[in-house]
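Working notes for the structure below.
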Amino acid sequence: MAERRKYSKKYCRFCEAKVEFLDYKDPSSYLNSLSERYKIMPRRLTGNCKKHQVMVEQAIKRARHAAIVPYVASRKKVIDNPFADLKK
Ligand SMILES: [Zn+2]
C-alpha cells in the first residue's frame, strides 16, 4: 500500500479561482508567488500549475519593468527594526 501524504496536496490557487488572464497592474493577484525579498517563488513551493506559473512570471517581470514590484529588496528593508525590543 502506498504511503499516505503527510501534508495536504498542493493545488493551484489560480485554477481554483479560474483565472484566465493575470494583470501585471494588479499586484495583489500574484503577491503570494513572491518571496519576502520579492523573488519569484518556484512552483514546487506555491503549488501553481505550469500554465499559471508562466502567467505569474510574465506578470511579475512586466510589473518589475513598470516599477510596480521591486527587483531586489535589501536586507535593511526586510528587517525593519531588529532592536525594537531593546529600546526602552
Ligand atoms: Zn493553474
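The values are calculated or read from the model by the stated rules, or taken from the named source; none is laboratory data. Because the structure is predicted, anything quoted here is derived from the model rather than measured. Here Cβ is always computed from backbone atoms with ideal geometry, including for glycine, and neighbour counts include all displayed protein chains.
Could you grab me the full set of residues in region 58-76 that are β-branched (Val, Ile, Thr), loosely packed, with under 15 Cβ neighbours inside 10 Å and either over 26 Å from Cys15 (Cα atoms) or under 13 Å from the mean Cα position of the chain (by Cα) (or both)?
Hit for region 58-76 is Val72, nothing else.
Could you tell me whether any residue of region 8-17 is in contact with a Leu (Cβ under 7 Å, 6 or more places away or on another chain) and modelled with pLDDT of 90 or more? Scanning region 8-17, I find no residue that is in contact with a Leu (Cβ under 7 Å, 6 or more places away or on another chain) and modelled with pLDDT of 90 or more, so the answer is no. Residue check: is Asn32 within 16 Å of the ligand (Cβ to nearest atom), polar (S, T, N, Q) and at pLDDT 90 or above? Judged against the criteria, Asn32 is not a match. Condition first: more than 13 Å from the chain's Cα centre (by Cα) and not in a loop (DSSP other than H, G, I, E, B). Now tell me which residues in region 11-57 satisfy that. Of everything in region 11-57, those that are more than 13 Å from the chain's Cα centre (by Cα) and not in a loop (DSSP other than H, G, I, E, B) turn out to be Cys15, Glu16, Lys50, Lys51.
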